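A quick write-up on the structure given underneath.
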Amino acid sequence: MAERENRRDRRDREENPEFADRLVAINRVSKTVKGGKRFGFAALVVVGDQRGRVGFGKGKAKEVPEAIRKATEQAKRSLVRVPLRDGRTLHHDIEGRHGAGKVVMRTAVAGTGIIAGGPMRAVFEMLGVQDVVAKSIGSQNPYNMIRATLDGLKKEASPRQTAQRRGKKVADILPRTEAEPAEA
């Protein structure tokens, strides 16, 4: 009896995953054959838990739903963790590159929202970022834009990670505010 309940719980977890997904692009491709044209579809999907993990995947199939399913599965396998400040924005300004695509991402104060275009917006929404200013420079290809965005996000380091790497305290890493008296 208990085994059956555990199986049911596992099935519910698989059907209601903690990940949200966003379809970024669908591309219809055709192959000319002797009898005419054969159509296929390529899908680009971004998946995230909206709490600091995000990934993307691409899938190709003869039907759109199958291409989306394949892309979603690939995206779940390629998740990366990104440290967020206060769970809402980036710790520091970053730049990402992939091929001819270049993106610039800047931290923003609370209430700014997501100021980013197309594929970058999907990445930030699935990541759980609420305030960010981003600009795509160069390639407008959604594949390259997403890869460049993730390249930049992988470079981000929290003050805790930086302090640990340098063997210092977090207070030594963070800049002093004017309210704090300087040590003499």
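Residues to consider are 133, 129; find the one that is assigned to a loop (DSSP other than H, G, I, E, B) and not polar (S, T, N, Q). Please lay out each step first, then the result.
Numbers: 133 fails: assigned to a loop (DSSP other than H, G, I, E, B).
Just one listed residue meets the conditions, 129.
Looking at this structure, is residue 57 of a type outside the set (A, V, I, L, M, F, W, C) and modelled with pLDDT of 95 or more?
The answer is yes for residue 57.
Only one residue in 113, 87, 35 is surrounded by fewer than 18 Cβ atoms within 10 Å (Cβ to Cβ), over 24 Å from residue 144 (Cβ atoms) and in contact (Cβ under 8 Å) with a residue 40 or more places away in the chain. Which one? Quick ask: steps written out before the conclusion?
On the way: 113 fails: in contact (Cβ under 8 Å) with a residue 40 or more places away in the chain; 35 fails: in contact (Cβ under 8 Å) with a residue 40 or more places away in the chain.
Testing whether each residue is surrounded by fewer than 18 Cβ atoms within 10 Å (Cβ to Cβ), over 24 Å from residue 144 (Cβ atoms) and in contact (Cβ under 8 Å) with a residue 40 or more places away in the chain leaves just 87.
Restricting to the stretch 65-79, and then to whatever is aliphatic (A, V, I, L, M), within 15 Å of the chain's Cα centre (by Cα) and assigned to a helix (DSSP H, G or I), can you tell me which residue is farthest from residue 24 (Cα to Cα)? So that I can check it myself, show each step before the final result.
Going residue by residue through the stretch 65-79, those that are aliphatic (A, V, I, L, M) are 67-68, 71, 75, 79.
Adding the requirement that they be within 15 Å of the chain's Cα centre (by Cα) leaves 71, 75, 79.
Within this subset, residues satisfying the condition of being assigned to a helix (DSSP H, G or I) are 71, 75.
Details: 71: 11, 75: 12 Å.
Only one residue tops the list, namely 75.
How about the stretch 29-53: which of its residues are in a strand (DSSP E or B), of a type in the set (Gly, Ala, Ser) and over 30 Å from residue 130 (Cβ atoms)?
Passing the criteria: 30, 36, 40, 42.
The values are calculated or read from the model by the stated rules, or taken from the named source; none is laboratory data. None of these values were measured; they are calculated from a predicted model. Every residue, glycine among them, receives a Cβ derived from its backbone with ideal geometry; neighbour counts consider all protein chains shown.
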